[in-house]
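Derivation of every value follows stated rules applied to the coordinates shown; laboratory data play no part. This structure is a prediction, so every number in the text was calculated from the model and none was measured. Cβ sites come from the backbone with ideal geometry, for glycine too, and all protein chains shown count toward neighbours.
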Amino acid sequence: MKSAETLLAMDRCERLAAWSQSWQVPAIHPTEVLKAAVDAGLLTDEDDPGQLAGDMVMTEAAERTLDIEGSQYSCAMNLAALADIIVTAIRASGGPWARPADLVGKTMTWESGAFLEPSGLRLRRVVLVSRWNSERFLAETNSWKCLGEVSIYQMPMTMTVVLIGQRRDGRHHSPWSKGWLHPQSRTLRIRKRSGEFDGKWIECWRETSDFNKEFWIEQLRQDYVLNDVLFEKQIKVPEQGVMAKIRHLAEKKLQRLAKMTETPEPTLSACFWPTPCKFAKGACWQFREPSERTGFVRISGSDCVAVPKA
Ligand code: SF4
């Protein structure tokens, strides 16, 4: 796990942070697959970075089960098309992106999950969200992935927000994935124009349509939707005193995790919100530790922290 992710896990539940250093669940959450694929697409120097991201989703879904109920295939197809089009839209303005170098300090090494602009003077981050409002903005800007990274590198950040809609029946419902076809002309529309849609327009999913991603992105632009589902927020550098306190807090927490010798107490009120914890089903709520016998996978070469013992 990247340092900011570890700290986020620490804030939620220390047991989650400790176990995450050593254990993976066999079934992977779809959002995790999507994020990893988008990151890979942003970093690659392949000719078609979107295609790489989509292929990565399909490979992950084939090698590890997706943590969903319902059709694995239709969920994987939807995620692959989503990863492909998001990466294509973001990379239209340039790339490949890069990671900032890890910062090695006396007492901690910060492994960044952010990106670095070619100028080397500004961080970047991509946030995939089902919906966006002022509370979410506040939560994101104050999270370790934003305020933490900004304080560690002492650089401002551009946060690219991508609205991917809610996932229902294994598919994300948003203009990236779903449009409408005219019953006769087969014209694609993403957003209703006045008096245009009636019950006869046909639902059209990107992963099963004949429209390529470039055409779909252009349609998002023409229907004035693109700026609603893909936009940027600028994060300033806080004053030096604040950044020093945040760096100190990060260091203290990561050190505490590294020195743990016992499994931390469970934090039961954090197990199912905002998303179900990966250790809820097979470990904590059956009052046992993760183990290979119960389907967990030990992370090989785990070198971040001592593995806490029961
Ligand atoms: S299931 Fe609950 S107690 Fe267990 S690691 Fe996750 S958040 Fe912590």
The chain, helix-only ellipticity at 222 nm - DSSP H runs n ≥ 4, -39,500 (n - 2.57), divided by all residues, nearest 500 = -11000 deg cm²/dmol
Considering the options Ile86, Leu42, Val25, tell which one lies farthest towards the positive end of the dipole of the chain, charges being +1 on Lys and Arg and -1 on Asp and Glu at the Cβ, about the Cα centre.
-> Val25
In debye, nearest 20: dipole of the chain around its Cα centre with unit charges on the Cβ of K, R (+) and D, E (-)?
-> 880 debye
Karplus (6.51, -1.76, 1.60) ³J(HN,Hα), θ = phi - 60°, over segment 144-151, in Hz, Gly and Pro reported as x | 4, 6, 10, 4, x, 4, 4, 6
Two decimals is fine: what's Rg over Rh for segment 191-283, C-alpha atoms, Kirkwood radius as Rh?
-> 1.22
In whole Hz, with x marking every Gly and Pro, tabulate ³J(HN,Hα) for segment 92-98 from phi via Karplus 6.51 cos²θ - 1.76 cosθ + 1.60, θ = phi - 60°.
-> 4, 8, x, x, x, 7, 9
Size of the dipole of segment 72-216 about the Cα centre, Lys and Arg at +1 and Asp and Glu at -1 on the beta carbon, nothing else charged, in debye to 20?
-> 300 debye
When all Cα-Cα pair distances of segment 1-49 are considered, the percent exceeding 17 Å is 50 percent
Towards the positive end of the charge dipole of the chain, with charges on Cβ (+1 Lys, Arg; -1 Asp, Glu), say which of Val129, Leu268, Thr160 has the farthest Cα.
-> Leu268
What relative contact order, as a whole-number percentage, does segment 119-176 give when Cα pairs under 8 Å and 6 or more residues apart are counted?
-> 45 percent
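Roughly what % antiparallel, to the nearest 5, for the DSSP beta bridges in the chain?
About 70 percent, rounded to the nearest 5.
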With labels modelled as points extended 7 Å from the Cα through the Cβ direction, what inter-label distance (nm, one decimal) is found for Arg99 paired with Glu135?
-> 3.3 nm
Compute the relative contact order of the chain as a whole-number percentage, counting only Cα pairs closer than 8 Å that sit 6 or more residues apart in sequence.
-> 23 percent
Whole-Hz Karplus ³J(HN,Hα) for segment 162-174, in order, using 6.51 cos²θ - 1.76 cosθ + 1.60 and θ = phi - 60°, x for Gly and Pro?
-> 10, 8, 9, x, 6, 9, 10, 6, x, 10, 7, 9, 7
P(r) over all Cα-Cα pairs of segment 146-189, 10 Å bins from 0 to the longest distance, whole percent per bin, short to long, reads 22, 24, 24, 18, 9, 3
Over segment 151-310, what is the mean sequence separation of C-alpha contacts under 8 Å (at least six apart), divided by residue count, expressed as relative contact order in percent?
-> 24 percent
Please name which of Gln222, Ser185, Phe211 has its Cα lying farthest along the dipole of the chain towards the positive end, using unit charges on Cβ (Lys, Arg +1; Asp, Glu -1) and the Cα centre as origin.
-> Gln222
Relative to the compact globular guide of 2.2 N^0.38 Å, what is the alpha carbon radius of gyration of segment 40-133, as a ratio?
-> 1.29
Under unit Cβ charges (Lys, Arg +1; Asp, Glu -1), what dipole magnitude, rounded to 20 debye, does segment 194-250 have relative to its Cα centre?
-> 640 debye
Largest-first principal axis extents, alpha carbons of the chain, Å | 67, 47, 36
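Which entries in the list Lys35/Lys278; Lys35/Lys106; Lys178/Lys213 go over 24 Å, if you measure between the two C-alpha atoms of each? Please report the intermediate quantities before stating the final value.
Details: Lys35/Lys278 16 Å; Lys35/Lys106 31 Å; Lys178/Lys213 12 Å.
Table pairs above 24 Å Cα-Cα are Lys35/Lys106.
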